[in-house]
Structure formats: C-alpha cells, structure tokens
Amino acid sequence: MAPPCPSFPVRHLAAAVQTSEDGKVRKTENGRRIDLAGDCELFGLVQYECIVARPELGDSPVQCWPVQRWFRRCQDKKGSFTAETTVWEGRSLAVTPTETGGPQGQGVHMTTPAQVAAKNNISS
Amino acid sequence: MGFITPVLRGFLRPTRPRFSTKSIPLHQTPQPTTPSLSTSLPNKTTKINSHGTEPHTNHGDSHEPPPPPPPSWFGHPFRVILTTLKFVAFTHLLWEYVISMAPASGPSMLPTFEVLGEWLLVSKLHRFGRGVTVGDVVAYNIPINDEVGVKRVLGLPGDYVLMDTPGDGVGPGEGNMIQVPKGHCWIVGDNLVASRDSRYFGPVPLALIRGKVIATMRPFSEFRWITNTSQKVSNPSGD
C-alpha cells in the first residue's frame, strides 16, 4: 500500500507545488517560482455522475451528468508535473443532465472540455 | 524402455534436408549422385523384339532417389509435444507482455464502458504504468481484493490531485488534496458516484498496473478505440 502521505487544503496548492515529492524546492529555467495560473498549461477532462434508471433491466436507460475537472501541467527543470485545479480554479461545475439511450451508448452526449470552456466563457 | 527406445531412435535419426542449399557453378555439369547404368549394372544382353528395335525401358528412372516424404508437423509424437509447447509459450508471451483481451462489467466506468458486455483490449506494453499519462484508462489489480479493475488515471508520481469528489459538497477553494507519492498513481472511475477507486483506497502502486486499455469491443457488433480524453484548453488568463 501507499506510504503515509500528508494531505493539504486546496487553498495551499499554490505553495505546495513549489516542492517536489522528495521535499526539494522545484527549480525552473528562469529561477522564478511556479505560477499555476500563469506558467502552466490548462487541461480539461470530463467525468460523470451516472444513474442507471432501472438496474433490473438489461437495456435500462442511463442518465449522466458531466463533471468537469481541470488540470495544470507545469514544467520544472526535472520535467513536467500535473496539478488538479478543479476546485482551485473556482469555476462552477458543468451539471447539464444528459440521458443515454441504453447499454449501446446511443445518444450519449459527451461534453468536451472545449464545449464546457465555451459555456463558461473561457477563450479557447 | 521398450516404448522410449523407438521414440529416441526416431528423434536422433538425421533428417533429410528438403531443399539443398549447395550451389552448382554454371560451367559445370552436375554429376549424377547415383552410378550410371554403364558402371553399375552388369553387362546383360538386350533383347531385340520382332521389329528389330529395342524395347522402351525405364531403367534410368528407376534408379533416381525416391522423392522426399511430404513435410508433416504431426509425424512424430515428440514433434507434436514440442510444437504444442512452442505454441503455448508464444501465446503466453503475447498475452502477458504485448496484448490481451478480457470482459469487463460494472457501472464504475459509465458512460465510457457499458455495465455489461464490453470486451477490453489491453496493451501490456504499458504494464507497471510505462508510458501512461493523465487521462489514460488502465487495467489494474485492485489492492483490496484479488480482482482486476479498470479506471482512469488522474495523477502520476509527484502530481497533485483532489482527494474528494468534485461537486459532492466541495465548493470552490474547499476540499483536500494530496501529492501522489513515488511509484504510485491516482485512479478514479468515470462514474464518480459508483466507483471504488483511489478516493477509497488511496494511491495505487504502479506495479499493480496491468496495462492500458486501448480499445473496447462488443463481439460482432462494435469496436472503438479508447483515447485519452484530456484536452488542452488555452489559458483563460490570456498568457
């Protein structure tokens, strides 16, 4: 199992990304501190909250609500690392309900990060 | 021993090459390997038929070597066993280290995979998390039982991930995060409300990653590739 690893509140994320997993301060090319919002690329990934309407049926319709997650990919001298900023970004989550057409996945409405970004008035 | 002796004798017997690799120079006439009639056969009188001609004989053809027997893979019990072992070993190598396929069931990866009937194609080249990036779907040994699960990777060693479920009472700026330790990854199912994943049992050792899911299929009806759904978005701050 995983070794004991401390957790920290989301508001401390900007300070936490300054140290690597071995506890050393991350070094950047220009010597500046890592700026999550300014220097790191933004990535989006959609997950879902799905409910099977009638589990006893083999072809039960499935209703899904997309949950948008955000990540920042930053660069230091040793390489790149990713920090999830879903809550840190402070944006409202996309909760548009979508209903699927059954087990074949017909009619599944996949919301892409670009669509969510456009919905949230994020330039893309 | 009475049974083994003929088997060993047959195995040790030198085999006749099917094709000769020896080349013959063009300016040389190939020498017959069998003695010619004039030297090997004793002198004998030739019968003359009533028409005064020699009867047509096939004496020359009858002294050519017999044609080699047709190749057969199953001509010998030992050869059958050897061929079977080779086939099993090759299949095992392919299945364990290159690619494999297995059925998957459960609601934890809805709507990417349906609850029933999915067959997943797993690339074993990505076992132990080799070449896996955030957003990939992996098959792994569940650390709390002996089953194999399928989840999406959200964090690799050194990454920072949210321990809580977004939207589940976690408002902007709230919640707890964790830095994924060395040699581990953070995996979460696509269906957040029906998945038992790293939010439940913590970071997963990369050694438990069996491979990366590259495709899904329903026999005789559907085949589609599974791609990384993580997409780059331009920086909203305009930098």
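The values are calculated or read from the model by the stated rules, or taken from the named source; none is laboratory data. Computed from a predicted model, the values in this text were never measured in an experiment. FYI the Cβ positions are ideal-geometry reconstructions off the backbone, even for glycines, and counts take in every protein chain you see.
Restricting the search to the stretch B:187-225, which residues are within 9 Å of another protein chain (Cβ to nearest Cβ) and among the aromatic types (F, W, Y)?
B:F201
Cβ-Cβ distance below 6 Å, separation of 6 or more or different chains: which pairs start in the stretch A:38-58 with a residue that is more than 12 Å from B:V233 (Cβ to Cβ) and more than 7 Å from chain B (Cβ to nearest Cβ) and end on one that is assigned to a strand (DSSP E or B) and among the polar types (S, T, N, Q)?
What qualifies is A:I51/A:Q63.
From the list A:G23, A:G90, which residue is assigned to a loop (DSSP other than H, G, I, E, B), farther than 26 Å from B:G183 by Cβ and at pLDDT below 90?
Being assigned to a loop (DSSP other than H, G, I, E, B), farther than 26 Å from B:G183 by Cβ and at pLDDT below 90 holds for just one of A:G23, A:G90, which is A:G90.
Which one of these is over 30 Å from B:G106 (Cβ atoms), of a type in the set (K, R) and loosely packed, with under 11 Cβ neighbours inside 10 Å: A:R11, A:R32, A:R54?
A:R32
Step by step: first the residues of the stretch B:138-185, then only those that are surrounded by fewer than 23 Cβ atoms within 10 Å (Cβ to Cβ) and acidic (D, E), then the one that is modelled with the lowest pLDDT. Which residue is that?
Of everything passing the filter in the stretch B:138-185, B:D168 is modelled with the lowest pLDDT.
Name the residues in the stretch A:1-31 that are in contact with an Asp or Glu (Cβ under 7 Å, 6 or more places away or on another chain) and either hydroxyl-bearing (S, T, Y) or in contact (Cβ under 8 Å) with a residue 60 or more places away in the chain (or both), would you? Explain how you work it out, then say what you get.
Just the residues of the stretch A:1-31 that are in contact with an Asp or Glu (Cβ under 7 Å, 6 or more places away or on another chain), to begin with: A:10, A:26-28.
Scanning the stretch A:1-31 gives A:V10, A:T28.
Name the one entry in B:Y97, B:Y160 that is without any contact (Cβ under 8 Å) to a residue 24 or more places away in the chain, over 15 Å from B:I226 (Cβ atoms) and aromatic (F, W, Y).
Working: B:Y97 fails: without any contact (Cβ under 8 Å) to a residue 24 or more places away in the chain.
After applying the criteria, what remains is B:Y160.
Pairs needed: first member in the stretch B:186-202, more than 19 Å from A:A83 (Cα to Cα) and modelled with pLDDT of 90 or more; second member anywhere, surrounded by fewer than 19 Cβ atoms within 10 Å (Cβ to Cβ) and not polar (S, T, N, Q); C-beta distance under 7 Å; at least 6 residues apart or different chains.
B:F201/B:P143; B:F201/B:I144
With the requirement that a residue be closer than 20 Å to B:I214 by Cβ and among the small types (G, A, S), what does the stretch B:74-101 give you?
The answer is B:S100, and nothing else.
Collect the residues in the stretch A:5-27 that are within 26 Å of A:R69 (Cα to Cα) and more than 9 Å from chain B (Cβ to nearest Cβ), keeping them in residue-number order.
Of everything in the stretch A:5-27, those that are within 26 Å of A:R69 (Cα to Cα) and more than 9 Å from chain B (Cβ to nearest Cβ) turn out to be A:A14, A:A15, A:Q18, A:R26.
I'd like to verify a number: residues in the stretch A:71-82 that are closer than 15 Å to B:K232 by Cβ and crowded, with 24+ Cβ neighbours inside 10 Å, how many?
Within the stretch A:71-82, residues that are closer than 15 Å to B:K232 by Cβ and crowded, with 24+ Cβ neighbours inside 10 Å number 3.
Could you please let me know if B:N145 is over 27 Å from A:C40 (Cα atoms), free of Cβ contacts under 8 Å to residues at least 12 places away in the same chain and more than 12 Å from chain A (Cβ to nearest Cβ)?
Yes.
Table: residues versus (1) over 24 Å from B:K182 (Cα atoms); (2) part of a strand (DSSP E or B).
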residue: A:I51; (1), (2): yes, yes
residue: A:L57; (1), (2): yes, no
residue: A:Q63; (1), (2): yes, yes
residue: A:W70; (1), (2): no, yes
residue: A:F81; (1), (2): no, yes
